[in-house]
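See structure below.
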Amino acid sequence: MTSLDIARRGLMLVLSSPSGAGKTTLANRLLDIEPTLEVSVSVTTRPQRPGEVKGKDYIFVDDDIFRSMRDKGDFLEWALVFDHFYGTPGKPVEDALETGRDILFDIDWQGTAQLVKTSEQDLVSIFVLPPSAVALEERLKSRAQDTAETVKRRMAGASNEIQHWTEYGYVIVNSDIDESLASIRAILNAERLRRTRRVGLEGFVRSLQADL
Ligand SMILES: Nc1nc2c(ncn2[C@@H]2O[C@H](COP(=O)(O)OP(=O)(O)O)[C@@H](O)[C@H]2O)c(=O)[nH]1
Ligand SMILES: [Mg+2]
């Protein structure tokens, strides 16, 4: 018997950052090395970008569909980000948590604040900061898919997003991808061992005690 054999509830790993801080790269690298980690696919009204895959990067819908999903209570959280709606479908999350699977969320501070209210026990939140303003701007400019206007707006948005760093359980300054990745794995591994998630511990300890 090892810790890994003991049943536990899954956890919700939230990664937030201003765009350009390297969060997407970190998330993709994390998924490569953590094959059991699932991704929460958000619903959005933002237009699909070249290279994005429907149903994998986002579920792309129009405003009417988004509103009707929202009004039906389909979302665990939702927010308006840069003029577009984004929402997290609730059903896949509860299914995963109950069966001990961990889910990764790429959502903003508004969504995280809602999850703190509804799901604090399940939540592990990490805020990713860029090492400097210059580094942030460089990363935004190197992404050819965004227009100069968008880059400008996202720089302004970054300042607003960063204000919310204190609402997260963990903060990472992403100057080195490998180092940041190692930190995220350390957080994930420790949080997986948290007593309160480990629903199988009671039975394990009971049978241990019975044999003593
Ligand atoms: N609250 C919330 N935010 C989301 C959701 N999905 C994506 N976001 C956030 O919306 C922002 C814009 O995402 P995106 O359109 O992919 O552009 P990006 O900034 O280039 O990643 C990012 O901060 C995401 O974390 C969601 O379901 N809920
Ligand atoms: Mg993104």
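The values are calculated or read from the model by the stated rules, or taken from the named source; none is laboratory data. On a predicted model such as this, the values are computed, not experimentally measured, just so you know. Every residue, glycine among them, receives a Cβ derived from its backbone with ideal geometry; neighbour counts consider all protein chains shown. Quick note on the areas: whole protein, heavy atoms, side chains included, nothing else; ligands and nucleic acids left out. Shrake-Rupley method; radii C 1.70, N 1.55, O 1.52, S 1.80 Å.
General remarks:
- Some residue of the range 65-72 being within 16 Å of ligand 2 (Cβ to nearest atom) and touching a residue at least 24 places away in the same chain (Cβ under 8 Å): no
- Hey, L115 at pLDDT 95 or above, assigned to a strand (DSSP E or B) and of a type outside the set (F, W, Y) or not: no
- Count - residues of the range 131-164 that are under 20 Å from I107 (Cα atoms), among the charged types (D, E, K, R) and part of a helix (DSSP H, G or I): 4
- Hey, Q209 open to solvent by less than 90 Å² (accessible area, probe 1.4 Å) and either in a loop (DSSP other than H, G, I, E, B) or without any contact (Cβ under 8 Å) to a residue 60 or more places away in the chain (or both) or not: no
- Scanning the range 25-73 for residues that are among the β-branched types (V, I, T), open to solvent by 50 Å² or more (accessible area, probe 1.4 Å) and within 15 Å of Y86 (Cβ to Cβ) yields V39, I59, I65.
- The residues of the range 155-206 that are in contact (Cβ under 8 Å) with a residue 24 or more places away in the chain, open to solvent by less than 70 Å² (accessible area, probe 1.4 Å) and of a type in the set (V, I, T), listed by number, are I162, V171, I172, I177, I184, I187.
- Criterion violated by T118 - all others in (1) out of contact with any His (no Cβ under 7 Å at 6 or more places or on another chain); (2) within 26 Å of V173 (Cβ to Cβ); (3) open to solvent by 50 Å² or more (accessible area, probe 1.4 Å) satisfied: (2)
- The set of residues in the range 74-95 being surrounded by fewer than 20 Cβ atoms within 10 Å (Cβ to Cβ) and of a type outside the set (D, E, K, R) consists of A79, L80, V81, F82, H84, P89, G90, P92.
- Any hit, the range 179-200, residues being assigned to a loop (DSSP other than H, G, I, E, B), basic (K, R) and out of contact with any Gly (no Cβ under 7 Å at 6 or more places or on another chain): yes
- For the range 1-20, the candidate set comprises residues that are over 14 Å from the mean Cα position of the chain (by Cα) and modelled with pLDDT under 95; within that set, the residue that is nearest to ligand 2 (Cβ to nearest atom) is G20.
- Residues that are within 12 Å of ligand 1 (Cβ to nearest atom) and closer than 18 Å to G10 by Cα within the range 58-91 comprise L76, T88, P89, G90, listed in sequence order.
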